[in-house]
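Below is one structure, written out as structure tokens; comments come after it.
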Amino acid sequence: MSALLLFATVSCRQSAENEGVEWRTDLQVDKSDLIFFPAGGVKTLEVNTSSVTVKSDKEWATVSVSGNVVTVNVAPYTGNQSRYAQLTITSGSENINASVIQYGEVFDGLQLEDVVVPVEGATFAYSYKANMDVSISSDQSWVQIKYDEEDPQIVYVIVDKNEGFGTRFATVSYTAGSKSGSMLVTQAPTFAPVQGWTIADTDGYYDFPNQIDFITVTPPSNDKYYLFEVFSPDVMPSGDAAAWISEAADETSATILALLAQGEIQSVGDILLKGKQSEQFENLPSTSKGLVICFDDKGYPTGEYVLVDVAVPDRGPVKQQVEGWDIVHSAASYVYPTQTDVFTVTPKAGYENARYIATVVSKDA
């Protein structure tokens, strides 16, 4: 009787303590879906019992169990469509399912194209949409990558001013999951005159009706490729010589690069000069302009140039009258209606090999 009374008392106390508590005997998990981005990764879910087994129906989603915690490891994914796996969680005779969802890669925009940047520099803005990490970098310190403060999916490519000689290059690259791309940044050099070059008239002769002059360029060293021209100062535009020379250099470089790409030349040496060179010119003015524009071995301008006055001596015929020539009427014939006359020219002694023109005109002329 005492034992029965004690059992009744304990049972009543337990009923009073558990009043209002809902007991669950079915299997439960704290989340029914696990969502992953393309990079994959690890996530967990908890079961309301520690006696469970878990199976995945896809190899790319692997599982392990520790107590009542289920760990799901999802491999990286490079597809464009989302993919799904189902987890089956078992405890005794009860089963419950959970879904694993991995999004496909979403990457739109950031269409990088090669750019040519002026010496002053420039800023380019690009936008993109992505559901994964995007890495953008430059291989040169003078090209900086910055993200917009309000929208991190807007990126700026900032090219600094080129303060020195030489066309320079940088590569901007990105990776986004399985996707990647790059752009080549080509920046024009600073154009300025350099010292140590000479451009001078070294020889010439007069061959009627042209004066022929040989102009020689002597560089400070023999490792420079260059374009060489001599011209009248009248063809130079007024204003900044460096801007005009820069435009001429760009046009020449574009021609060289196109010929190289087409296989019509094998190297820049097929067009440009290197070392000491002499060129023939005709009928230059007495004060000409000599121009040298330097290029690298790829055909890009270095920004170095030489622009000097070149004195060209007069190599034309002697202007004063020369005595001692004979021009005589030596024969004539009349064939109606024309009279034909023959004149004989006898050069002065010492002028037997001279080239000349002999013309007979009326006194009135």
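The values are calculated or read from the model by the stated rules, or taken from the named source; none is laboratory data. Since the model is a prediction, treat every value here as computed from it, not as a measurement. Backbone-built Cβ (ideal geometry, glycine too); neighbour counts: all protein chains shown. Just so you know, the surface numbers come from the protein's heavy atoms only, side chains and all, with ligands and any DNA or RNA stripped out. Shrake-Rupley method; radii C 1.70, N 1.55, O 1.52, S 1.80 Å.
May I ask you to give the solvent-accessible area per residue for region 29-74, in square angstrom, as obtained with a 1.4 angstrom probe?
In whole numbers, region 29-74 has 56 Å² accessible per residue.
Name the residues whose placed amide hydrogens come within less than 5 Å of the amide hydrogen of G181, ignoring near sequence neighbours (fewer than 5 apart) on the same chain.
Y174
Within a Cβ distance under 14 Å of Q102, other residues only, what is the Lys/Arg minus Asp/Glu net charge?
Once all neighbours under 14 Å are counted, the net charge is -1.
If R₀ is 41 angstrom, what is the calculated FRET efficiency for the pair A332 and F208, using the beta carbon separation as r and rounding to 0.05?
0.90
When ranked by the protection proxy of mean other Cβ atoms within 10 Å per residue, highest first, what sequence do the peptides 323-336, 219-232, 165-178 form?
Result, highest mean first: 165-178, 219-232, 323-336.
Where is the GNM fluctuation largest for the chain (alpha-carbon springs, 10 angstrom cutoff): N97, N131, N162?
N97
Pairs of Cα atoms under 8 Å, at least six residues apart: use those to get the relative contact order of region 59-140, whole percent.
That works out to 21 percent.
Run the numbers on the chain and let me know its relative contact order in percent, using alpha-carbon pairs under 8 Å that are six or more apart.
11 percent
Which pairs in the list K224/K289; K31/K179; K276/K298; K161/K276 are over 24 Å apart, alpha-carbon to alpha-carbon?
Over 24 Å Cα-Cα: K31/K179; K161/K276.
Across 10 Å bins from 0, what is the distribution of all Cα-Cα pair distances for region 160-306, in whole percents?
10, 32, 32, 16, 6, 3, 1, 0
Report, in degrees rounded to the nearest 10, the 0 to 90 angle that the Cα long axis of helix 241-262 makes with the longest principal axis of the chain.
It is inclined by approximately 70 degrees.
Determine the share of the chain's accessible area contributed by carbon and sulfur atoms, expressed in whole percent, with a 1.4 angstrom probe.
50 percent
Please compute one quarter of the surface area of the Cα convex hull for region 112-161 and express it in square nanometres.
For region 112-161, the mean projected area of the Cα convex hull comes to 4.0 nm².
Want the number for T216 to D26: 0.36 nm per residue separation, take away the alpha-carbon distance, what's left?
Length difference between fully extended and current span is 58.4 nm.
Hey, what's the Kirkwood Rh for the chain if you take every pair of different alpha carbons, in angstrom?
After inverting the mean inverse Cα-Cα distance, the result is 30.6 Å.
Taking +1 at the Cβ of each Lys and Arg and -1 at the Cβ of each Asp and Glu, which of S246, P233, Q320 sits farthest along the dipole of region 214-360 towards its positive end, judged by Cα position relative to the Cα centre?
Q320
Evaluate the relative contact order of region 192-342 (contact order divided by residue number), counting alpha-carbon pairs under 8 angstrom at least 6 apart; express in whole percent.
31 percent
Amide H to amide H under 5 Å from Y225: which residues, 5+ apart in sequence or cross-chain, H placed 1.01 Å off N in plane?
F295
Looking at region 49-118, which trypsin sites (Lys or Arg not before Pro) are in a loop (DSSP not H, G, I, E or B) and have at most 16 other Cβ atoms within 10 Å?
Those that pass, being in a loop and sparsely packed, are K58.
Which residue, T218, T344, T53, has the most motion in a Gaussian network model of the chain that connects Cα atoms within less than 10 Å?
T344
Residues with beta-carbon under 13 Å from that of F295, excluding F295: net charge, scoring Lys, Arg +1 and Asp, Glu -1?
That sum, taken over residues with Cβ under 13 Å, equals -4.
Within region 294-322, what residues put their amide N at less than 19 Å from the label point 7 Å along the Cα-to-Cβ vector of Y356?
Of the residues in region 294-322, 316-322 have backbone N under 19 Å from the label point off Y356.
Looking at region 250-310, which trypsin sites (Lys or Arg not before Pro) are DSSP coil and have at most 12 other C-beta atoms within 10 Å of their C-beta?
Passing sites in region 250-310 are K276.
Take the Cβ-Cβ distance between A254 and S286 as r, set R0 to 30 Å, and report the resulting FRET efficiency rounded to the nearest 0.05.
Efficiency, from the Cβ-Cβ distance: 0.30.
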